[in-house]
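Only one structure is covered here, and it is reproduced in the block below.
Here, each number is a calculation from the coordinates, and none is a lab measurement. Computed from a prediction, not measured in an experiment: that's the story for all the values here. All Cβ positions, even for glycine, are placed from backbone atoms using ideal geometry, and neighbour counts span all protein chains on display.
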Amino acid sequence: MEMCEAIQGRHPISFHYENEKKGKRTVHPYAFGKTRANHAIRAYLKRGVSYSKDEPPWRLYRLDRMRNTRVHKKTFRKRPYHGDKSLRIRC
């Protein structure tokens, strides 16, 4: 299943993220697109590593740093999402 299908079907995804805070994350994806230089998703963090103090836990994840991505079959209930100025949204 590709990223847009996961977003449109409201399927959580899990992956290992490769940055200074390496670790496994499970997120609810809301948007996929491109920042100035990278393809990325805007997602709500459900489980995993995060040292940011932002609440609610909305994060931007670069696709080139995601490894072993798995789309879950279950679905999630949508949260209010008000768009994204840092992402040119594809879906």
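Across segment 3-89, the mean sequence separation of Cα contacts (distance under 8 Å, 6 or more residues apart), normalised by length, yields a relative contact order of 35 percent. For LYS78, the lysines whose Cα falls under 16 Å of its own Cα, not counting residues fewer than eight places away in the same chain, are LYS46. By the rule of a C-alpha distance below 19 Å, with chain neighbours fewer than 8 residues away ignored, the lysines paired with LYS85 are LYS34.
With a sphere of radius 10 Å drawn around the Cβ of ARG42, what net charge do the other residues whose Cβ falls strictly inside it have (Lys, Arg +1; Asp, Glu -1)? Taking every other residue near ARG42 into account, the sum is 0. Normalised by residue number, the volume inside the convex hull of the Cα atoms of the chain is 97 Å³ per residue.
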